[in-house]
């Protein structure tokens, strides 16, 4: 069995995987060593523009086009309303009506009461039953 210092060293050397550890990774370590020297070629391979403003504007346009009410089916849902952003939020959900009680629920409750099965709650012993709920 590994000790704590051994496990920490193994995690640092990527011998073991720690769930969620990639959250704090340094992304510069994952890039090829010559990335900066070949930046234009690398961006071309990724099919992304070198200019960050152009990249973000293209991404914003794409998102706007995909998220317009005419392209989304949710505009037909009467329980959902999407408004311009405001203090309370832009998405408003209308509360749904309560679902009807399942058909056999009363029969099931009655069967459990009359079965005389021992209670399995944490306050009772195996042979003792809880007092019925008021």
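The values are calculated or read from the model by the stated rules, or taken from the named source; none is laboratory data. Just so you know, these numbers come straight off a predicted model, no measurement behind them. With ideal geometry, Cβ positions are generated from the backbone for all residues, glycine too; neighbour counts draw on all protein chains shown.
Values computed for the structure shown
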item	result
Given (1) modelled with pLDDT of 75 or more; (2) touching a helix residue (DSSP H, G or I) at 6+ places or on another chain (Cβ under 6 Å), index of the condition residue 46 fails	(2)
Residue 11, sole failed condition from (1) surrounded by 11 or more Cβ atoms within 10 Å (Cβ to Cβ); (2) over 27 Å from the mean Cα position of the chain (by Cα); (3) assigned to a helix (DSSP H, G or I); (4) at pLDDT below 80	(2)
Qualifying residue in segment 76-89 (condition: free of Cβ contacts under 8 Å to residues at least 12 places away in the same chain, assigned to a helix (DSSP H, G or I) and surrounded by 10 or more Cβ atoms within 10 Å (Cβ to Cβ))	no
